[in-house]
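The values are calculated or read from the model by the stated rules, or taken from the named source; none is laboratory data. What you see is a predicted model; the values in this text were computed from it and never measured. All Cβ positions, even for glycine, are placed from backbone atoms using ideal geometry, and neighbour counts span all protein chains on display.
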Amino acid sequence: MNLDYKVVFSERRTIGIIVDRDRRVIVRAPWKAGQATIAAAVESKRLWIWEKLRDGRKYSAVCGLKEFVVGETFLFLGQNYRIEIVNEPRGDVRLNGHFFELSRADRHRARELFCTWYTAKATEHLTPRIIGTAKAMGVQFTRVTVRNLKYRWGSCTPCGTLNFSWRIVQAPTLVTDDLIVHELAHVLEPARSREFWNIVAVHASSWAKCRDWLRATVHSSNGRAQTSCNCSL
């Protein structure tokens with residue numbers, strides 16, 4: 001059976017293969033790697049690739065969407081905040097003490113307003129932490145973007161652009177800090193090699209706790225893939 005895959009060339013020494021959450025097979029290869037060499041590497045990993053593609057735990061199932069009603073909770077920096085509906089016209093979402101406030105007149109576009117709020121807060125929260133962590137790690141990055149990533153918490157491009165999902169700001173600060181280290185480590189070592197994990201271990205000693213939180217958030221207790229309703233809109 002044919003196996004489709006995308007090849008991404010970069011400054012690296014070895015060929016690496018990943019299966020993305022949208023079931024895309026990505027082959028990361030050195031500039032000098034020929035098509036025959038790449039094809040051979042993919043063929044040698046064919047069984048592993050098919051196992052990943054069939055793994056039901058890897059992919060997020062659709063969970064119930066928020067209804068934006070009184071009492072519903074939303075995560076911010078690891079804490080749950082209930083929503084309150086106010087009569088006053090607002091045109092935005094506001095966090096007031098222990099509650100998110102949403103105008104009754106804005107309920108029809110509440111999802112858009114919450115995404116805008118989270119994106120702004122993620123940018124505000126992440127930027128200084130990324131700059132400080134990059135300095136401590138001796139890493140130079142190009143820029144940072146906060147986007148609506150569907151299948152990832154973050155990513156790093158070959159040119160040094162760090163991309164983060166706005167959902168990262170729903171996680172505790174301990175988790176966001178370790179995710180920042182994880183993506184900055186990719187600037188130094190694109191492949192998830194032993195060297196990469198050594199870098200993560202040095203600068204993110206709590207990575208195991210971070211990983212456990214992410215797994216608990218993404219997967220339900222019975223092991224079936226599911227995005228936590230608190231982490232979706």
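For region 127-157, a residue qualifies if it is touching an Asp or Glu at 6+ places or on another chain (Cβ under 9 Å), surrounded by fewer than 17 Cβ atoms within 10 Å (Cβ to Cβ) and farther than 23 Å from residue 111 by Cβ, and exactly one does: 129.
The set of residues in region 148-178 being farther than 18 Å from residue 134 by Cβ and charged (D, E, K, R) consists of 150, 152, 167. Residue 65 meets the conditions (1) more than 30 Å from residue 161 (Cα to Cα); (2) modelled with pLDDT under 90; (3) in contact with a strand residue (DSSP E or B) (Cβ under 9 Å, 6 or more places away or on another chain); (4) part of a loop (DSSP other than H, G, I, E, B) in every case but one. The failed one is (3).
Meeting the requirement of 2 or more residues that are under 19 Å from residue 20 (Cβ atoms) and modelled with pLDDT under 90, the helices (runs of 4 or more DSSP H) wholly within region 115-233 are 207-218. The set of residues in region 12-41 that are charged (D, E, K, R), modelled with pLDDT of 85 or more and surrounded by fewer than 14 Cβ atoms within 10 Å (Cβ to Cβ) comprises 13, 32.
Are there any pairs with C-beta distances below 9 angstrom linking a residue in region 66-89 that is more than 19 Å from residue 121 (Cα to Cα) to a residue that is hydroxyl-bearing (Ser, Thr, Tyr) and not in a strand (DSSP E or B), with the two at least 6 apart or on different chains, and if so which? Close Cβ pairs satisfying both conditions: 66/232.
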